[in-house]
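Read the structure below first, then the notes.
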Amino acid sequence: MPILTPNALNLYVIVGSTATGKTALSIALAKHINAAFVLSADSQQVYEGLNIGTAKPTIEEQAGVLHYGLDIVPPTQLFSTVQFQHYALPLLTEAFSQGQSVVVSGGTGFYLQGLLQPSQLPSVPPNPIFRDSLASADSLLLHAQLQKKDPARASQLEPQDKNRIIRALEIIHATNAPVPTEWQPSLLEQHLPPSLQPNIHWIGLQPEDKLAHWAKMEQRVAVMLQQGWLAEVASVAKKYGATCPALQVAIGYPELLGVLEQKQSLEEAQLQININVRQYARRQRTWFKRNTAINWLSADCLTTDTQQLMHLFIKKTQ
């Protein structure tokens, strides 16, 4: 039976590294199947006011398709994976209970892992006080601390991966036990009755030419700057303060803050942003390559014909 049968409950998850066309494909696919909505799974698009630099879909792009996952919290509040999952579950439940399909689009693997895939991590809510107590600590020392408390989890993390190290220590602090190693059903499987379990279809977009993708990412950064990215950073900093969390973690925003604070030139900031975006894209590719359920398609088709790529996906997954 074709996966696009109207009576089937389907969840289409479009993933891949930055600047591969996930947003364009998700909107085209949602319109084609009359999906209930598009759910953004992007850890930077959740922040109000961070629009240009996060490539948040514009009002014009969203026209005709309901979107969730955008502008959830002000930039003064960090938004965790657990919070995203608690946000997404009721939305998905409501859509499937109405017999509707959903499209999810985003490059934040952690948002999707526990929600849609079997997970090894318990649902321990974030502890801001505990996190703040470790925020200024050296990542190597934190990794050594994790090594003593949970050698198995420490072996899975790079010593420089401070955020995940702190998360592991946070789980250990809350549970008084090592991070679980036994796989548990996804939150969606746990939350929904069998009659509402959707068919999950993973769609991966990957560029065939790495150098061309680098050039595309650099061009994208240049266009964002032309569209007023620096002014956007200034506006958010003025409204919420330059030290608000989102401006410290969203890619490109710390560098542009440095320009506003006259710590570096715009050209220096742009160069560093390009480097950081390439590194981020590499981490995304590495993350999603672990998921063997993903159907990988060439992102290069999107540069000329989004509809063509959508139909290639439909043909491949029927």
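Summary table below
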{"read-out": "From the options 168, 174, 154, residue that is modelled with pLDDT of 85 or more, in contact with an Asp or Glu (Cβ under 9 Å, 6 or more places away or on another chain), more than 19 Å from residue 289 (Cβ to Cβ) and part of a helix (DSSP H, G or I)", "value": "168"}
{"read-out": "From the options 117, 206, 197, 190, residue that is surrounded by fewer than 16 Cβ atoms within 10 Å (Cβ to Cβ), in contact (Cβ under 8 Å) with a residue 24 or more places away in the chain and either in the same structural domain as residue 89 (by TED's automatic domain parsing) or touching a Phe, Trp or Tyr at 6+ places or on another chain (Cβ under 6 Å) (or both)", "value": "197"}
{"read-out": "Residues (surrounded by fewer than 17 Cβ atoms within 10 Å (Cβ to Cβ), in a loop (DSSP other than H, G, I, E, B) and of a type outside the set (Gly, Ala, Ser)) located in segment 228-245", "value": "243"}
{"read-out": "Any chance residue 124 is among the hydrophobic types (A, V, I, L, M, F, W, C), surrounded by fewer than 18 Cβ atoms within 10 Å (Cβ to Cβ) and part of a loop (DSSP other than H, G, I, E, B)", "value": "yes"}
{"read-out": "Residue 76 closer than 23 Å to residue 203 by Cα, of a type outside the set (A, V, I, L, M) and not in a strand (DSSP E or B)", "value": "no"}
{"read-out": "Unmet requirement for residue 253, which otherwise passes all of (1) surrounded by fewer than 15 Cβ atoms within 10 Å (Cβ to Cβ); (2) touching a residue at least 60 places away in the same chain (Cβ under 8 Å); (3) hydroxyl-bearing (Ser, Thr, Tyr)", "value": "(1)"}
{"read-out": "Hits in segment 17-60 - residues which are out of contact with any Ser or Thr (no Cβ under 7 Å at 6 or more places or on another chain) and not in a loop (DSSP other than H, G, I, E, B)", "value": "27, 29, 30, 31, 32, 39, 47, 59, 60"}
{"read-out": "Filter pass, residue 98 being buried (at least 20 other Cβ atoms within 10 Å of the Cβ) and either on the phi > 0 side of the Ramachandran plot or touching a residue at least 60 places away in the same chain (Cβ under 8 Å) (or both)", "value": "no"}
{"read-out": "Count - residues of segment 284-302 that are exposed (fewer than 15 other Cβ atoms within 10 Å of the Cβ) and in a helix (DSSP H, G or I)", "value": "2"}
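The values are calculated or read from the model by the stated rules, or taken from the named source; none is laboratory data. None of the values given here were measured: they were computed from a predicted structure. Cβ atoms come from the backbone with ideal geometry, glycine included; neighbour counts cover every protein chain shown.
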